[in-house]
1. Please enumerate the residues belonging to the range 90-113 that are within 21 Å of Ser34 (Cβ to Cβ) and part of a strand (DSSP E or B).
2. Take the residues of the range 114-126 that are within 17 Å of Ala20 (Cβ to Cβ) and part of a strand (DSSP E or B): which is modelled with the lowest pLDDT?
3. Here are some residues: Val74, Val21. Which one is of a type in the set (A, V, I, L, M, F, W, C), within 12 Å of the chain's Cα centre (by Cα) and surrounded by 14 or more Cβ atoms within 10 Å (Cβ to Cβ)?
Amino acid sequence: MPKWNRSAAKKIELLARGIAVRDGHILLCKNKKSNYWYFPGGHIEPGEQASEALEREFVEETGKNVKADRLIFVHEHFFKQDNKPRHEYSFVFEVQAPLKIKAKERHLEFQWMKWSDAATSDVRPKALAQMVGVFLEEHALNRHIRFRSTRRS
């Protein structure tokens, strides 16, 4: 529980995020002004479906078309940014992203990172990163998630 008044946040932000996995690597995004990583995506516009927002954000940020697959989970997050209380919900989807991906926006950087490295890096929100880690481990063991391979059969 946060140590500030939850009602102090001026609005609730809705975000769509994508989890893309290939050969044991996960796609992460970083604002070059910060030292932490996060799952790609962005804000949902009024009247827009979360899956559409994720697909739009990928085009805006990378120029690449992706398809938002199934909704994995929804994550609620309370935090402070620039000493201001924030409240957000992230709708997290599986997504298939191309291996070669580059940011169109100068302030962003994308990287395919080994999940073992990502798990020990500063990936935010931390609780969401932990949930994704558990999801990937459980579903990889049960083969419910395809760890997409770059090798062709």
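1. Listed by number, the residues that qualify are Ser90, Val92, Leu108, Glu109, Phe110, Gln111, Trp112, Met113.
2. Step one: of the range 114-126, the residues within 17 Å of Ala20 (Cβ to Cβ) are 114-119, 121, 123.
Filter once more, so that each one left must be part of a strand (DSSP E or B): 114, 123.
Numbers: Lys114: 90, Val123: 93.
Checked the range 114-126; the qualifying residue modelled with the lowest pLDDT is Lys114.
3. Numbers: Val74 fails: surrounded by 14 or more Cβ atoms within 10 Å (Cβ to Cβ).
Only one candidate qualifies: Val21.
The values are calculated or read from the model by the stated rules, or taken from the named source; none is laboratory data. Since the model is a prediction, treat every value here as computed from it, not as a measurement. Please note: Cβ atoms are built from the backbone with ideal geometry, for glycine as well, and neighbour counts cover all protein chains shown.
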